[in-house]
1. Between copies, how far apart are the A:ARG111 label points? List them in nm, one decimal, shortest first, with each point 7 Å from Cα toward Cβ, please?
2. Quick one: which of A:175-181, B:216-222 comes out on top by average Cβ neighbours within 10 Å, and what's the full order, highest first?
3. Which FRET efficiency, nearest 0.05, do B:HIS171 and B:GLN104 yield, Cβ-Cβ r, R0 22 Å?
4. Ranked highest first by the average count of other Cβ atoms within 10 Å around their residues, in what order do A:49-55, B:186-192, B:164-170 fall?
5. Please compute the average number of Cβ atoms from other chains found within 10 Å of each residue's Cβ in peptide B:184-191.
6. So how far apart, in nm, are the two label points at B:ARG29 and A:MET159 if each is 7 Å from Cα heading toward Cβ?
7. Would you please name the chymotrypsin sites (Phe, Trp or Tyr not before Pro) within the range A:100-186 that are DSSP coil residues with at most 14 other C-beta atoms within 10 Å of their C-beta?
8. If each of B:ASP227 and B:GLU131 carries a label point 7 Å out from its Cα toward its Cβ, how far apart are those two points in nm?
Protein chains: 2
Amino acid sequence: MAQSDPLYQRIASELREQIRTGTIKAGDRLPTEVELRDQYDVSRNTVRLALAMLQNEGMISSVQGKGTIVREQIMLTYHAAWAESRDRNASDQTDAFYAEMKAQGRTGEYRDFEMRIKSASPHLAARLGVEEGDSLVSRAISRYADGEPFSLQDSYYPMDIAQACGLLTPHDVPGGVIRAMAKKGHEEIGYVDELTTRMPTPDEARKLGGLGSGTPVLVYVRTTYSDARPLRLTLTIFAGDRNRVVYEIGDLQAYVPAENGASK
Amino acid sequence: MAQSDPLYQRIASELREQIRTGTIKAGDRLPTEVELRDQYDVSRNTVRLALAMLQNEGMISSVQGKGTIVREQIMLTYHAAWAESRDRNASDQTDAFYAEMKAQGRTGEYRDFEMRIKSASPHLAARLGVEEGDSLVSRAISRYADGEPFSLQDSYYPMDIAQACGLLTPHDVPGGVIRAMAKKGHEEIGYVDELTTRMPTPDEARKLGGLGSGTPVLVYVRTTYSDARPLRLTLTIFAGDRNRVVYEIGDLQAYVPAENGASK
DNA sequence: TAGTGGTCTAGACCACCAC
DNA sequence: TGGTGGTCTAGACCACTAT
């Protein structure tokens, strides 16, 4: 960062460098705003501009009354290619989630189950092959790992399938939804996954445990198909700083999964 | 947003609502900061706090001297499941990218090709099955669509493979890298894709055409394997507001691709 | 030149937390 | 109670764009 840059960017650069090189480690407290103000001989607002920059990069987070700390990153892995596959024991998404958590040495749970009837948005209607405004059954949960929220999931089903398969209940389906649908002749034989990223809405940030302003979400949409029609659309919002989606495809006899890993 | 919220959050909420409902449309100019200051009877700094909030959500972007506008979203789709598959005409990543762009009615190009020798970071070493610090060949490009930068790509190859396959050249490999490797007995028969999201580094933001501070990147890592070993690791940084990664897997005879679509 | 957003100051008071 | 970050004011000057 050149010397002619704005003051606040120069301050941000120096702090960023100290974090990158480990002079200030993850979990450590930064100097207070007043200390930085004196240290750089600027106004407190200028210090706050610098800190806002780092916050928007997801590097630090501030708590009123306590201070500003360098954020730590823990990563969970979501194996998309087999998470819901039919030849595993996992009977539905929830079971698959438990299995993933256990395999990664964490405790998984979900909360706030909700069943609702919703009107199909253009986006949903196009993917589920129904008319805009048609009724859809939505079954939503929040997933937690080690007591912390990690992702929000909302599955949409065409009304006729939901009725035939007993999905109009405000609780878990015994044996899992996928199995229940298969029994009624709606077997999932293919899927299309769409992955995007964006900043969370204030509502999503709240549900995901107060995401810092520098934390994006990973938006994951899976639409599944039988041989005749779309069966289900599952929208998952992952907290971007804590999740990784993985696809393992093809012949992987030479693949040795490394259990760990930062984001880059 | 309750009335007891901070002023700047209340201003942000009202503007957000006006954008959401279409009172202010994509591409439109927002009122100037001075107008908002008078309208809400607050200081200009408070207005700027509100605008910063919306900027961090990716909803608006400001340009010095011009004004503040509501951002438009165009979405490109990257078909990960077949983008590099062997039974398509695409001979390497670059060709595959052209084909995708053409299919979506856009012009694709790439710039700033670079070949470098780099030392393996722990992250790269683990995935490519080499020792930390070993030499790797890096071949990087920036991808543009309709003249705008969309993604940065960097492929890493173990030195012995790069030498055997003629990858130590500062230009394209005729027929494509994947084909060149296959000819020398290094055929890609499986791959592992990892997808994460985070905020861009200042350097990435610059290379991607000055990403707004509310735009995350989609980090896409593909590691490919032969029957014996890892062959290649390709790291792609997508501008998050302009790209979508799609996997089409299984039997999809009932799938009718919808060519369009917003992010949610 | 007039108007826009970008940077910066020097204060003030408040809400929250640890002691 | 003292210190932290959170909010807010009322200015100033600068850099850039349009006309």
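Coordinate-derived values only; no laboratory data. Bear in mind that the values here come from a model prediction, so they are computed numbers and not experimental data. All Cβ positions, even for glycine, are placed from backbone atoms using ideal geometry, and neighbour counts span all protein chains on display.
1. Going from nearest to farthest copy, the values are 4.8 nm.
2. Working: A:175-181: 19.9, B:216-222: 24.1.
Ranked from most to least packed, the peptides come out as B:216-222, A:175-181.
3. 0.25
4. Result, highest mean first: A:49-55, B:186-192, B:164-170.
5. Neighbouring Cβ atoms belonging to other protein chains average 3 per residue here.
6. For the pair B:ARG29/A:MET159, the computed spacing is 4.7 nm.
7. Taking the range A:100-186 and a limit of 14 other Cβ atoms within 10 Å, no loop chymotrypsin sites (Phe, Trp or Tyr not before Pro) are found.
8. 2.9 nm
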